[in-house]
1. Taking segment 200-210 on its own, how many of its residues are of a type outside the set (D, E, K, R) and surrounded by fewer than 16 Cβ atoms within 10 Å (Cβ to Cβ)?
2. Does TRP216 satisfy the criteria of being farther than 18 Å from VAL268 by Cβ and aromatic (Phe, Trp, Tyr)?
3. Any residue that is among the acidic types (Asp, Glu) and at pLDDT 70 or above - is there at least one of those in segment 30-44?
4. Out of everything in segment 102-114 that is in contact (Cβ under 8 Å) with a residue 24 or more places away in the chain and farther than 18 Å from ALA92 by Cα, what residue ends up being nearest to the chain's Cα centre (by Cα)?
5. Out of curiosity, is PHE244 modelled with pLDDT under 95, among the aromatic types (Phe, Trp, Tyr) and within 23 Å of ASP220 (Cα to Cα)?
6. So if I check each of GLY221, GLY163, GLY204, which one is touching a Pro at 6+ places or on another chain (Cβ under 9 Å) and not β-branched (Val, Ile, Thr)?
7. Restricting attention to segment 177-199, does a residue exist that is assigned by TED's automatic domain parsing to the domain that holds LYS14, of a type in the set (S, T, N, Q) and either surrounded by 15 or more Cβ atoms within 10 Å (Cβ to Cβ) or without any contact (Cβ under 8 Å) to a residue 24 or more places away in the chain (or both)?
8. Filter the strands (runs of 3 or more DSSP E) completely within segment 124-207 down to those with at least 3 residues that are closer than 20 Å to LYS267 by Cβ.
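The values are calculated or read from the model by the stated rules, or taken from the named source; none is laboratory data. For clarity, every value in this text was computed on a predicted model and none was experimentally measured. Cβ sites come from the backbone with ideal geometry, for glycine too, and all protein chains shown count toward neighbours.
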Amino acid sequence: MQEITEDKLQIAYKGPALQGGRMQMIALAEGLRGQALLAHRVKDLLYGESVTIRVEIDPNFKASSLIIPVHILQDIVAARDLLAGSTATALANLATLLGFFGLSGASLYHLFRLLKGRRIEKPEDVPRHLKINIEIDLLIRIYNNPEVQTFLRKVLDPLHQDGIEEFQTIRQGVVIESVHKADLLAADAAELEALTKNEERDLGIEKSAWRRSLAWHLRDGETSFDARIEDEAFWKRIEGGEAFADGDRLRVHLQTTARRTRFGTLKVERIIPEVIEVEHVRRKQMVLFEGNE
């Protein structure tokens, strides 16, 4: 494997709590893991399996240093094939999205800060000044990807710690992108606002619960989640012998609330105060030997 770029790439966490050269190991490990997972997921969305990369920490990195050298390597054969065509800047796009190339503002960190962590709803939400050699639709798909969002937040999660104020990406000693604690807190607030809802929904049952204190596992399209049902009339139906199975559907009022712990962990609670309508899926036993007596 060979280095994607010979430039010196680094990430850094800054703040008064780090002046002594120390950082909580769990917070640092989570941030580094997020950086590696983010790089791999963005690569997959850009190129699939046609390119193989590896993300490494410099062997000279010492635990007392919080400016962390990063190496991104790619499979040399795949890289030759990729660079032989019209996408001569393809690997630079990967580094740009990860915040290591150029000052174009096209990185995932810049978009996260600008949009306060919100997903991109339409192409018009993408700033016109971005300079990156990929289609806008692909950029939106990468930024909105749930795993990309999860890993991006893992990288930034140490900013929830007291005394850690800034995350930076650095190339050749120059800060390319930075996200401050205030940026992350603004994104947290926007996320909580977006999650807090009181709405009517159609949900499929994946797993029922037969105690009132337990949550039901429900599905809304591609998303599965747990919710407690607190409708007294609904529970009387169950106590009266009505059975529910995987595939049955409920039309409900769904209340969703969210909060973050002092350590930044997102906690989401879903409660169903009213079940409006029930639709049972009727399954017929298969006829294994049709026509046989």
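1. So the count comes out to 1.
2. Values: farther than 18 Å from VAL268 by Cβ: no; aromatic (Phe, Trp, Tyr): yes.
Considered against the rule, which asks whether it is farther than 18 Å from VAL268 by Cβ and aromatic (Phe, Trp, Tyr), TRP216 comes out as no.
3. Yes, because at least one residue in segment 30-44 is among the acidic types (Asp, Glu) and at pLDDT 70 or above.
4. Only one residue tops the list, namely PHE112.
5. Yes.
6. That would be GLY163, the only listed residue that is touching a Pro at 6+ places or on another chain (Cβ under 9 Å) and not β-branched (Val, Ile, Thr).
7. Yes: one or more hits.
8. Numbers: elements: 166-171, 174-180, 197-207.
Fully inside segment 124-207 and qualifying: 197-207.
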